[in-house]
Amino acid sequence: MADESNHLRVVPLIWVADAESSTFYCEKLGFRMVNALRPDDVLAWCSLTKGNSQSMLQQHNKERKFQKPHGIQLYIICQDLDQVCAEIQGRGGASTDISYTFFNLRQFFVTDPDDNGICFESPVET
């Protein structure tokens, strides 16, 4: 039986044409920005919280026409990423290799039958 306590929370990622739209989530919906990536001082990604809820906004590449993605992309935060990956593969699930991000996380992806992306990730131990 898998250790279900290893999955800490599910965090949806919302693709947006302009990440500055996060002001809508903060000012109108009451979220608070807790983390952000601003390459060249332009907001490209942010993490928002409200109570026990968390969401992320990711800006679409402005060099291409924005098309709202279909479906959903989930991010599941884990304590033991290697264990979760082994459990999924042990059940016959296909996943990408575990990789390291530039923002200090380890992650791997699986795709559901409807082509929705599911990312499992955990912080890099320092």
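The values are calculated or read from the model by the stated rules, or taken from the named source; none is laboratory data. Only a predicted model underlies this, so the values are computations on that prediction, with no experimental measurement involved. So basically every Cβ, Gly included, is an ideal-geometry build from the backbone, and we count neighbours across all protein chains shown.
Tallying residues that are in contact (Cβ under 8 Å) with a residue 24 or more places away in the chain, of a type in the set (Phe, Trp, Tyr) and surrounded by 14 or more Cβ atoms within 10 Å (Cβ to Cβ) within segment 83-112 yields 1.
Take the residues in segment 1-33 that are part of a strand (DSSP E or B) and under 16 Å from Leu105 (Cβ atoms), then tell me which one is modelled with the lowest pLDDT. Ranking the qualifying residues of segment 1-33, first place goes to His7. Of the residues making up segment 113-126, just one is buried (at least 16 other Cβ atoms within 10 Å of the Cβ) and among the hydroxyl-bearing types (Ser, Thr, Tyr), namely Ser122.
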